[in-house]
Amino acid sequence: MWERGLRHKVVINFIVYVVAIICILPLVMVVVYSLTNPMEGGVSFLQYARVLLQTPDFFQGFWNSCLYTGVILAFNIPLSLLAAYGFSYFRWKGRKALFWLYIVLMLLPFQATIVAQYITLRFLRMLMHPLAVILPNIFGTFGTILVSQNMLGNSQETLEAGLIDGCSEWRLFIRIVLPALRSVITALMVLTFINSWSMVEQPLVFLEDILTMPLSVTLQTNARFRPIAFACGVLFSILPILLYQYSYEDLVLGIRLSGPVKRNEENEAYREPKSNKQKVFKAILVFFLLMSTFTLLTQKVEHLMTPGVMTVKADSAEIKEDPYDQKSESLGFYQKVVPCECLHYEGADCVIYVLAEEKSARKRIEVIRVAVRVEAQNTESAAVTGGFSGEDLIIQYTNRPLREGMFVRVLEDGGHEEP
């Protein structure tokens with residue numbers, strides 16, 4: 001019997017370890033690929049250097065995420081605690097019906113409520129404004145349900161004794177109820193943080209300007225992050241991992257919904273030494289300090305790191321034979337003719353880089369990669385077809401290597417910056 005139980009334990013442990021490895025494998029792969037140079041191979045910190053020194057949009061999205069998450073936490077947690085207190089300790093008509101409505105709203109996915117939220121936000125004139133993302137999350141019902149289930153297990157005698165001693169409802173809430181819910185509140189803060197930090201659908205629907213997007217959306221929709229996506233993913237994950245490590249003990253205890261957590265030997269096993277929490281807290285502070293430093297540094301060098309380009313238009317023209325080169329042939333008449341310097345060969349593909357105005361309040365000039373087909377070519381010009389118009393500005397010369405999604409400065413003839 002003992003051997004059978006031991007075998008079962010070994011099998012269960014093996015399954016747990018296999019599942020754990022499968023879950024952590026994507027994060028390990030992201031870290032490994034972030035330290036790999038795709039062009040030369042080997043270990044390289046090139047991706048991190050480009051993120052921290054050459055990509056100001058990364059920090060724009062990072063601080064947007066911090067702002068959204070901080071505001072949501074600052075309002076959602078107190079509202080959830082007060083609502084849970086009302087559901088748990090007061091008896092009033094319609095309480096059960098309203099509580100079940102809270103449960104239904106918690107269970108409904110965002111796709112089921114998107115139309116109602118959109119109509120409401122449009123009526124309040126908040127669409128395409130950061131409040132359109134913040135307001136619906138402030139009034140999320142998950143926290144109320146989580147906390148109320150723990151409040152129901154509190155001793156009614158203790159609360160009645162506090163009222164007899166002259167405690168007001170507010171003082172009773174602050175001095176007696178909240179201290180008993182420390183682990184639950186911490187668990188709620190962590191779960192709300194993760195949900196707000198990684199939200200994608202709401203910003204995509206309710207926001208338009210890229211300058212207001214959180215980092216979770218910016219990394220997925222912005223082409224300029226593709227070559228450095230793995231390094232961005234690692235930096236994006238650092239803060240949630242540190243927060244989880246800092247609040248691990250309270251998170252494990254707080255997610256128990258059977259009532260208040262008692263201090264027993266089983267629960268104390270989750271407690272980590274206080275020195276470890278202090279180290280993690282210092283690591284969080286250092287992380288924010290580094291991000292602030294790199295944000296300021298990137299803003300200072302952004303102008304220097306932005307490529308300068310000279311452009312031409314693909315004009316309709318009848319290109320005659322070049323008088324200086326007797327071997328060239330006439331191209332004839334084509335709708336789109338560009339100088340040969342505009343063509344870039346990437347393996348079997350031929351591409352050109354076209355300028356487009358960014359869809360944001362800053363209206364920066366962005367590089368778009370367009371695949372083209374060369375119909376005819378001589379020593380100076382080429383007739384091409386592709387997904388661009390004759391009015392688009394095509395990059396002819398640049399002082400730095402170009403990538404899709406980069407922002408550039410348009411220079412006049414002679415390399416002077418356009419006023």
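The values are calculated or read from the model by the stated rules, or taken from the named source; none is laboratory data. Keep in mind that this is a model prediction, so the values were computed, not measured. Note that each Cβ is placed from the backbone with ideal geometry, even for glycine, and that neighbours are counted across all protein chains shown. With ligands, DNA and RNA removed, areas are computed over all heavy atoms of the protein, side chains included. Shrake-Rupley method; radii C 1.70, N 1.55, O 1.52, S 1.80 Å.
Report, ordered by the first and then the second residue, all pairs with beta carbons closer than 8 Å, sequence separation of six or more or different chains, a first member in the range 123-142 that is at positive phi, and a second member that is aliphatic (A, V, I, L, M) and surrounded by 19 or more Cβ atoms within 10 Å (Cβ to Cβ). Listed by first residue and then by second, the contacts come to MET128/LEU207.
Here's the yes/no breakdown for (1) assigned to a helix (DSSP H, G or I); (2) more than 9 Å from the chain's Cα centre (by Cα); (3) surrounded by fewer than 20 Cβ atoms within 10 Å (Cβ to Cβ):
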residue	(1), (2), (3)
ALA187	yes, yes, no
PRO203	yes, yes, no
LEU219	yes, no, no
ARG224	yes, yes, yes
LEU239	yes, yes, yes
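Out of all the residues in the range 221-235, is one or more under 27 Å from SER65 (Cα atoms), hydroxyl-bearing (Ser, Thr, Tyr) and modelled with pLDDT of 80 or more? There is no residue in the range 221-235 that is under 27 Å from SER65 (Cα atoms), hydroxyl-bearing (Ser, Thr, Tyr) and modelled with pLDDT of 80 or more.
Within the range 226-237, take every residue that is of a type in the set (Gly, Ala, Ser) and surrounded by fewer than 20 Cβ atoms within 10 Å (Cβ to Cβ) and give me the one that is farthest from the chain's Cα centre (by Cα).
Initial filter on the range 226-237 (of a type in the set (Gly, Ala, Ser)): 229, 231, 233, 237.
Then drop every residue that is not surrounded by fewer than 20 Cβ atoms within 10 Å (Cβ to Cβ), which leaves 229, 233, 237.
Details: ALA229: 12, GLY233: 9, SER237: 9 Å.
The residue in question is ALA229.
In this entry, THR379 passes the filter for residues that are in contact (Cβ under 8 Å) with a residue 40 or more places away in the chain, loosely packed, with under 13 Cβ neighbours inside 10 Å and over 29 Å from the mean Cα position of the chain (by Cα).
Is at least one residue of the range 333-350 among the aliphatic types (A, V, I, L, M) and modelled with pLDDT of 85 or more? Looking for residues that are among the aliphatic types (A, V, I, L, M) and modelled with pLDDT of 85 or more, one finds at least one in the range 333-350, hence yes.
Scan the range 100-110 residue by residue and report those that are in contact (Cβ under 8 Å) with a residue 12 or more places away in the chain and open to solvent by 40 Å² or more (accessible area, probe 1.4 Å). Across the range 100-110, the qualifying residues are TYR102, LEU105, MET106. When the range 41-73 is filtered for residues that are more than 15 Å from THR295 (Cβ to Cβ) and either outside any helix (DSSP H, G or I) or open to solvent by 60 Å² or more (accessible area, probe 1.4 Å) (or both), the ones remaining, listed by number, are GLY41, GLY42, VAL43, SER44, PHE45, LEU46.
Hey, any hits in the range 50-64 for a residue that's touching a Phe, Trp or Tyr at 6+ places or on another chain (Cβ under 6 Å) and either of a type outside the set (A, V, I, L, M, F, W, C) or under 29 Å from THR298 (Cα atoms) (or both)? Scanning the range 50-64 turns up at least one residue that is touching a Phe, Trp or Tyr at 6+ places or on another chain (Cβ under 6 Å) and either of a type outside the set (A, V, I, L, M, F, W, C) or under 29 Å from THR298 (Cα atoms) (or both). Filtering the range 156-170 down to residues that are loosely packed, with under 12 Cβ neighbours inside 10 Å and not aliphatic (A, V, I, L, M), which residue is modelled with the highest pLDDT? This residue is TRP170.
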